[in-house]
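The values are calculated or read from the model by the stated rules, or taken from the named source; none is laboratory data. No experiment lies behind these values; they were computed from the predicted model shown. Note: ideal-geometry Cβ built from the backbone for every residue, glycine included; neighbour counts use all protein chains shown. Protein only, heavy atoms only, side chains kept; ligands, DNA and RNA dropped before computing areas. Shrake-Rupley method; radii C 1.70, N 1.55, O 1.52, S 1.80 Å.
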Amino acid sequence: MVFVPSPTHGGHSVTPVEQPPTPVKLVIAGGFGVGKTTTVGSISEIRPLTTEAAITEVAAGVDDLTHTPGKTTTTVAMDFGCITIDPTLKLYLFGTPGQDRFGFMWDDLVEGALGGLVIVDTRRLDDCYAAVDYFEHKDVPFAVAVNAFDGQVEHDLDEVRWALDIAEHVPLIVFDARKTGSVRDALLVVLEVALARAEAALAPRRE
């Protein structure tokens, strides 16, 4: 908030002028059918922009629908939504497509992102390696969130961390992509990681 002069009968006073919130880009990533679209839709304050396409018989033969038999559509470009955290901060959420054949879009979606949330389905851990490796390779701060399908997870967090070879400094949490509060808490974890990275980078300059 800033102040600008405002004329009054006895001279000048100051009138507060609201500044728009700082825009922050976050990426929601993960394998096919882990809950990325649901995550964005659960918290977005606007109607989410989605690029869903019907799963054809050909695609069904490529994508594993074993654990998502009711899934009839898939993201082919991105999901987009936004949420105002407080008057000073607004998050812009970009969900990536989950299939490897759409991986060429990831670089464009991640460019300029402050951090990422990698969503994991413990029933299909193999599908999550690529997302974890991507963020590590790009050196983008991220957190890993295990989506509690049906309110439960198949493995405990220590097993998940070991299986995905997630570094100890990377937060690993459980959340529910269907619940706004749970998604908000997961995104705040990403912000904390990104802020810690930024502060660590500035520390040498202050010395």
TODO: Spot the failing condition for residue 191; the list is (1) in contact (Cβ under 8 Å) with a residue 60 or more places away in the chain; (2) within 18 Å of residue 34 (Cβ to Cβ), and only one is missed.
DONE: (2)
Open item on the list: Checking residue 153 against (1) β-branched (Val, Ile, Thr); (2) over 21 Å from residue 79 (Cα atoms); (3) under 15 Å from the mean Cα position of the chain (by Cα); (4) open to solvent by 20 Å² or more (accessible area, probe 1.4 Å), only one condition comes out false. Which one?
Closed with: (3)
TODO: Enumerate the pairs (first residue in the range 110-124 and free of Cβ contacts under 8 Å to residues at least 40 places away in the same chain; second residue anywhere and outside any strand (DSSP E or B)) with beta-carbon separation below 6 Å, excluding pairs fewer than 6 apart on the same chain, so at least 6 apart or on different chains.
DONE: 122/153; 122/154; 122/155
Task: Residue under evaluation residue 136, criteria (1) open to solvent by 60 Å² or more (accessible area, probe 1.4 Å); (2) closer than 26 Å to residue 25 by Cα; (3) in contact with a Lys or Arg (Cβ under 6 Å, 6 or more places away or on another chain), criterion not met - done: (3)
TODO: Residues being among the charged types (D, E, K, R), surrounded by 17 or more Cβ atoms within 10 Å (Cβ to Cβ) and closer than 16 Å to residue 125 by Cβ: count how many of those fall in the range 158-191.
DONE: 0
